[in-house]
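These notes concern the structure reproduced below.
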Amino acid sequence: MQQAIAILDSGVGGLTVAKEVMRQLPREKVIYFGDTARTPYGPRSSEEVKQFTEQIVDFLIQFDPKVIVIACNTATAAALDHISQKVDIPVIGVIHPGARAAITATKTGNIGVIGTMGTINSGAYTTALKQLSPYINVMSQACPALVPLVEQGDFRSEHTRSTVSESLNGMKDKPIDTLILGCTHYPFLMEPIGQAMGPHVKLISSADETARETSTILYDKGKLAIGDETPVHQFFCSGDPVMFQSIARSWLGEQIRNTPVVWQVSKL
Ligand code: DGL
């Protein structure tokens, strides 16, 4: 049986990464887990997020995946090192790919980062950016109101636009030319975020670069899928499968043929 790429997130946010993985690696099968019953992870302690991530990895590992993508910045900040030591397959996070993509894009070296409380308080983006270049100025801000909007499937309403705009108040006046969407839920809000920040700020999602890193690692390990069979992806969530399915269907539309079957896992 074809070995899959396992992708996890606190909810539907990791679908932004899954979509890019499916686009760049159309032969690969994806097994996705969204912890929708316990989302958001952002306000939780890093110890708790680490514990939840470990439970999800224990669930996913039974499918014998060839790589695990932690498609959640909060979980990457809290648990990437721990999970990498725990399993004997490659584990990819989203923070270093996001930092790399932002450094590629910036002209001025002034980069903004928005994310959950957990991600921003961890300082993981500042560390990752400074590790790549000491000349980068980083301005960070937590936007805790945004993830619940995405989990409710509300991407473009007036309420969403005004919440996004208010959440970005502290960032709008900063002299940045690049803004990292440091939460995998935020690309769902690309349009209102772009509207609030204006056309002079480039918005960076880590999805492209994370998919590229996944592709490189599989190539290096000689693990890329071969053959012309269309992969059948699998989706699991811990909360309401109906809402998850509706968001997955509309977001992944071009990448999947049929309405995704979503299994609810009530106990991890
Ligand atoms: N999508 C997640 C992230 O990238 C987490 C959102 C949350 O559960 O707070 O951080």
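The numbered conditions (1) in a helix (DSSP H, G or I); (2) out of contact with any Pro (no Cβ under 9 Å at 6 or more places or on another chain); (3) under 20 Å from residue 18 (Cβ atoms) are all true for residue 244 except (2).
One residue stands out in the range 41-53 among those that are more than 14 Å from residue 238 (Cβ to Cβ) and touching a helix residue (DSSP H, G or I) at 6+ places or on another chain (Cβ under 7 Å): the one that is farthest from the ligand (Cβ to nearest atom), namely 50. Please find, within the range 97-123, the residue that is farthest from residue 250 (Cα to Cα) out of those that are in contact (Cβ under 8 Å) with a residue 12 or more places away in the chain and of a type in the set (S, T, N, Q). Among them, the one singled out is 108. Just a yes or no: is a residue in the range 186-194 within 16 Å of the ligand (Cβ to nearest atom), modelled with pLDDT of 95 or more and of a type outside the set (A, V, I, L, M, F, W, C)? Scanning the range 186-194 turns up at least one residue that is within 16 Å of the ligand (Cβ to nearest atom), modelled with pLDDT of 95 or more and of a type outside the set (A, V, I, L, M, F, W, C). Among the residues making up the range 189-229, a single one is touching a helix residue (DSSP H, G or I) at 6+ places or on another chain (Cβ under 9 Å), in contact (Cβ under 8 Å) with a residue 60 or more places away in the chain and loosely packed, with under 15 Cβ neighbours inside 10 Å: 224.
Tell me which residues, restricted to the range 1-17, are out of contact with any helix residue (DSSP H, G or I) (no Cβ under 7 Å at 6 or more places or on another chain) and more than 8 Å from the ligand (Cβ to nearest atom).
Within the range 1-17, 1, 2, 3, 4 qualify.
All told, residue 246 meets the bar of being farther than 20 Å from residue 124 by Cβ, more than 16 Å from the ligand (Cβ to nearest atom) and hydroxyl-bearing (Ser, Thr, Tyr). When the range 98-139 is filtered for residues that are away from the ligand (no atom under 13 Å from the Cβ), among the hydroxyl-bearing types (Ser, Thr, Tyr) and under 23 Å from residue 48 (Cβ atoms), the ones remaining, listed by number, are 126, 127. Would you call residue 25 under 13 Å from the mean Cα position of the chain (by Cα), hydrophobic (A, V, I, L, M, F, W, C) and either modelled with pLDDT of 95 or more or within 16 Å of the ligand (Cβ to nearest atom) (or both)? So residue 25 fails the test.
Examine the range 169-177 for a residue that is farther than 17 Å from residue 152 by Cα and within 16 Å of the ligand (Cβ to nearest atom), and state whether such a residue exists.
No, there is no match, as no residue in the range 169-177 is farther than 17 Å from residue 152 by Cα and within 16 Å of the ligand (Cβ to nearest atom).
Considering the range 74-97, and only residues there that are among the hydrophobic types (A, V, I, L, M, F, W, C) and within 14 Å of the ligand (Cβ to nearest atom), the residue that is surrounded by the most Cβ atoms within 10 Å (Cβ to Cβ) turns out to be 94.
What about residue 126, is it buried (at least 17 other Cβ atoms within 10 Å of the Cβ) and free of Cβ contacts under 8 Å to residues at least 24 places away in the same chain?
So residue 126 fits the description; yes.
If you go through the range 38-60 and keep only what is aliphatic (A, V, I, L, M) and either within 23 Å of residue 122 (Cα to Cα) or out of contact with any strand residue (DSSP E or B) (no Cβ under 8 Å at 6 or more places or on another chain) (or both), you end up with 49, 56, 57.
The numbered conditions (1) within 19 Å of residue 15 (Cα to Cα); (2) within 14 Å of the ligand (Cβ to nearest atom); (3) buried (at least 23 other Cβ atoms within 10 Å of the Cβ) are all true for residue 68 except (2). Comparison of 254, 213 shows that the only residue that is touching a strand residue (DSSP E or B) at 6+ places or on another chain (Cβ under 6 Å) and among the acidic types (Asp, Glu) is 213.
Highlighted here are the helices (runs of 4 or more DSSP H) found entirely within the range 115-224 that include at least 3 residues which are under 19 Å from the mean Cα position of the chain (by Cα) and within 28 Å of residue 33 (Cα to Cα): 117-122, 124-132, 146-151, 190-197, 207-220.
The values are calculated or read from the model by the stated rules, or taken from the named source; none is laboratory data. These numbers were taken from a predicted model, which means no experiment stands behind them. Cβ: placed from backbone, ideal geometry, glycine included. Neighbour counts: every protein chain shown.
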